[in-house]
Amino acid sequence: MKHSFYLATVALEEWQQKFKHQFEKWFPDPKSPHALSLMLFSFVALIFNATIAVDPISIASCLISAFCCICLLIAFAYGVSLIYITQVGHVVALIHLSVVIWLDHGIYSLGNHWMLVFMVSQYYVVSRRSGFIWLAIVLLTFTVQAWVGYFNPPDTPDIQGVDRATMSLASILLPTIGIFMVPQYFQRLFDQALSLNQKRQRELQDKQRELEHTLLMREHFISTVSHELRTPMNAILGLNTLLHERVKNKPQAQKVLTYTRQSADHLMTVINDVLDYSQFQFGQIKARVERFELQTTVNAAFELFKPRIESTRLKYECHFDSDVPHWVDTDRHRLMQVLVNLLGNAIKFTHRGSVTLRVQVVDQGVEFSVQDTGIGIAPEQQDKIFERFSQADANIQSQYGGSGLGLTISLRLVQMMGGHMKLESKEGQGSRFVFWLPLQAQEMPPTADIIHRQHPQSQSQTYSFLVVDDHPVNRLLAKQVLLREWPGSTVDECDNGVKAVDALQAGQRYDMMLIDMVMPVMDGIEATQIVRRSPDVLVNTMPILGLTANVSEQDLARFQQAGLNGLLLKPFDLERMRAEVAGLLTKTQRH
Ligand code: ADP
């Protein structure tokens, strides 16, 4: 029963659609149906009048006019224009009405009121100008009738005296003019509203253009600032790591380098938070899903704070349940960012007791919790701390520092990865930040074991590298990492894309090219495209690793599409860079 009702409704809807379509085909001009219904109505009224009229001339006039109506309808069906039909129809109707009114005491006839229909329908169906012309015709007809009626008053008991002619004229003339003024008045109101609306729309469009321009400028500003800040940070952090290894037996120098590193890391966190926050404002941050080992990433975040913990008496523990998936798909970099932020906060706000990171399977996903026995957060502050620039207490800022953006960004990142976050805290006793992500166990990717196995053998091999970067310190850093890992290799340097392309065209061959994205003369995107189009198979299949400080999603996508084999964001972890280079060299087996 329900099904047949559904079928009937669908059939009705289909029929309605078909009819609408056909109707629009028949009447492309939206005024046509109204004009035609007026004609049909006139036809019916004329036939009715013919049946009740007693005067043979009236009957004949009604029938002739009805016949004209039919002819006009047929003409319309054959494609004669609506305006032409309306004009002819009105002339016929005027003649017919004049005959009927003449026979029915002229200006004293009730038939005069039909004249009102002429100008109103002309006004709407044809044009405003036409409406005015027909108003003049109708008024003239009334005046002529009044003139004739004045000299030939009818000899009937209800119409007495010539004065009535003037009164009759007035009583038909004034409503006619009044009725004609109503649409005029509404038209004027409509025109005013329309022009006001158009003015507002223009203003809105101007504002929208202005806003779009500002957004573009801001986007450009963010990407420039990001690039300018990350480029030197890459050199500071990278060289710090290299120096650290060289002064292993000089504790004083190591201490200085550790402090430098901590300050640089802190500066990097602030830079990243501000940039991330402004990118979130524009919805520009999207999850970059990749497959990775969950425990390795969690450990990396956990280990990051070990040096800081050593100077405190805190108990610092990580519990990773055995049933937690090994390989997962999500944004590794962002997961790490959230963990680092929560662990960093927990350590910052805990003076004695413990900080514990726990990872376990909950509700077909993975739950991460960071529990501390620190200062805790007052109940009334607990909702607020996830808001931007918000700190639980005014004293916190002076005592502990911080931008108040970390939790806002962490919450949004967790939501972006499809999860949720909550907080349990008791003032003076500690806090527990918990977030859940929908992570499922995944297969191990085929390239993973290659990268893992590569490291021990790599030292014995030598390669030829081409490093393309406009920043000399970054070239130095890349060179140091490559030579440390593959001693005896050759590393050539270029400071822009043109020089790199020229070197390759001159016959130089490399096992790998490491190229920066933003450079003067020719950027990394264009240079990569040219290399990929080269007819020489040794050039166009050469592995290319992109290095960039730019974080704009569109620019990164363009760089990837130019033909990169891998991409590293500056400031990059030296170990990650080594693993990435080793992985690409092994995959392509060029040596
Ligand atoms: P900030 O970068 O200033 O630390 P967050 O957004 O990370 O900003 O944190 C906001 C505020 O939340 C902090 O200033 C602090 O008042 C409170 N808070 C965050 N984590 C903890 C914690 N583990 N224990 C106590 N208070 C915390």
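When 368, 19 are compared by accessible area of protein heavy atoms, the largest-first order is 19, 368, using a 1.4 Å probe.
Test of understanding: extend the Cα→C-beta vector of residue 171 to 7 Å, then name every residue of the stretch 68-110 with backbone N under 11 Å from that spot. Label zone hits: 108-110.
Here the relative contact order of the chain, from alpha carbon pairs under 8 Å that lie six or more residues apart, stands at 9 percent. Under the rule a/c < 1.5 gives rounded, and otherwise a/b versus b/c splits prolate from oblate, where does the stretch 467-516 land using the Cα gyration tensor? Verdict is oblate for the stretch 467-516.
The figure for residue 181 is an accessible area of roughly 120 square angstrom, using a 1.4 Å probe on the protein chains alone.
The stretch between residue 259 and residue 37, if pulled fully straight at 0.36 nm per residue, gains 70.9 nm over its current Cα-Cα span.
Residue 358: net charge of surrounding residues, Cβ under 15 Å, Lys/Arg +1, Asp/Glu -1, itself excluded?
So the surrounding residues net to -3.
For a test of the definition: using alpha carbon positions, the gyration tensor, and the 1.5 limit on a/c, classify the stretch 56-188 as rounded, prolate or oblate. Oblate is the answer for the stretch 56-188, as a/c is 1.5 or above yet b/c matches or exceeds a/b.
What does the charge add up to near residue 254, with Lys and Arg as +1, Asp and Glu as -1, over the other residues with Cβ less than 11 Å from its Cβ? That works out to +4. Of the chymotrypsin sites (Phe, Trp or Tyr not before Pro) found in the stretch 257-311, those in coil by DSSP whose Cβ has at most 14 other Cβ atoms within 10 Å are 282. Stokes-Einstein diffusion for the stretch 282-338, with the hydrodynamic radius set to the Kirkwood value over Cα pairs and evaluated at 4 °C in a medium of 1.567 mPa s, equals 98 µm²/s. Projecting the Cα atoms of 170, 514, 535 onto the charge dipole of the chain, computed from C-beta unit charges around the Cα centre, puts 514 farthest toward the positive end.
The listed residues 509, 352, 475 rank as 352, 509, 475 when sorted by accessible area, largest first, using a 1.4 Å probe. Its residue count N sets the reference 2.2 N^0.38 Å, and the alpha-carbon radius of gyration of the chain equals 1.74 times that reference.
Spread over its residues, the convex hull of the C-alpha atoms of the stretch 471-591 is 101 Å³ per residue.
Rounded to the nearest 20 debye, the dipole magnitude of the chain is 920 debye, with +1 charges on Lys and Arg beta carbons, -1 on Asp and Glu beta carbons, and the Cα centre as origin. Remark: relative contact order (the stretch 496-543) = 44 percent; criterion is Cα-Cα distance under 8 angstrom and separation of 6 or more residues. For the charge dipole of the chain, defined by +1 on Lys and Arg C-beta atoms and -1 on Asp and Glu C-beta atoms about the Cα centroid, which residue among 435, 309, 268 has the Cα displaced farthest towards the positive pole? The Cα lying farthest towards the positive end belongs to 309.
Taking the helices alone, the chain has a mean residue ellipticity at 222 nm of -20500 deg cm²/dmol, built from -39,500 (n - 2.57) per DSSP H run of at least 4 residues and averaged over all its residues.
In whole Å, what is the distance between the alpha-carbon centres of the stretch 469-544 and the stretch 36-82? Rounded to whole Å, the Cα centres lie 89 Å apart.
For the stretch 452-570, what is the accessible area per residue in Å² when the probe is 1.4 Å?
On the way: 4990 Å² over 119 residues.
Computed with neighbouring chains in place, this is 42 Å² per residue.
Under the combined filter of DSSP loop state and at most 11 neighbouring Cβ atoms within 10 Å, the stretch 227-273 retains these trypsin sites (Lys or Arg not before Pro): 248.
The values are calculated or read from the model by the stated rules, or taken from the named source; none is laboratory data. Values in this document were obtained by computation on a predicted structure and should not be read as measured data. Using ideal geometry, Cβ is built from the backbone for each residue, glycine included, and neighbour counts are taken over all protein chains shown. Remember, those area values only see protein heavy atoms, side chains included, never the ligands or the DNA or RNA. Shrake-Rupley method; radii C 1.70, N 1.55, O 1.52, S 1.80 Å.
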